[in-house]
Amino acid sequence: MSLSVVRFGEPKRPGEGLRLGTVRRAPRGVKKADYAAKHLYDVWFPNLAPSEELLKAALPITDEAQWRAFKRKFLAEMKITTALRDLQLVAALSHHTNLAIGCYCEDAQRCHRSILRDLLARLGADIRR
């Protein structure tokens, strides 16, 4: 069993399991019934997404200084008790079932999903490489 970190819109890999939509906003112009068929996500789980306020303040990220500021603020959001519990749940589930988290961003290195990967690894998640 393991956790994958993916870009939404890319085809599911065999055995990937349930995709959790760790994004703040649902895709525009796509019917909810079509999310899975379009390789987005199976269940929307915005609990592990940057807050609306952070997204408005930080995007677009165009340089390293902006990325570091975004990362610092997002890490602070993930330290809130409810977010930490959700991270712990996803980490624990990764030992019992295949699942995936992700985002729409093209550059995984400047996307909150890379931060989530690190946080989940620190919590002992079984992360697929």
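The values are calculated or read from the model by the stated rules, or taken from the named source; none is laboratory data. Predicted, not measured: the structure shown is a model, and the values here were computed from it. Cβ atoms come from the backbone with ideal geometry, glycine included; neighbour counts cover every protein chain shown. These accessible areas exclude ligands, DNA and RNA; they are computed on the full protein's heavy atoms, side chains included. Shrake-Rupley method; radii C 1.70, N 1.55, O 1.52, S 1.80 Å.
When only Cα pairs below 8 angstrom with a gap of at least 6 residues are kept, the chain shows a relative contact order of 43 percent. Helical runs assigned H by DSSP (4 residues or longer) give the chain a calculated mean residue ellipticity at 222 nm of -11000 deg cm²/dmol, each run adding -39500 (n - 2.57) before division by the residue total.
Size descriptors for the range 23-107 (Cα atoms only): Rg and Dmax, in that order, 14.4, 39 Å. Taking the protein heavy atoms of the range 7-94 in the context of the full set of protein chains, the accessible area attributed to carbon and sulfur is 57 percent at 1.4 Å. The residues of the chain have, on average, 57 Å² of accessible surface per residue, using a 1.4 Å probe with all protein chains present.
Bridgeable lysines around residue 31 (alpha carbons under 29 Å apart, same-chain partners fewer than 8 residues away excluded): 12, 56. If you take the Cα centroid of the range 1-58 and the Cα centroid of the range 86-129, the two points sit 12 Å apart. Under the simplified labelling scheme, the residue 123-residue 107 pair shows an inter-label distance of 2.7 nm, with each label point 7 Å from Cα along Cα→Cβ. Here the relative contact order of the range 1-54, from alpha carbon pairs under 8 Å that lie six or more residues apart, stands at 43 percent.
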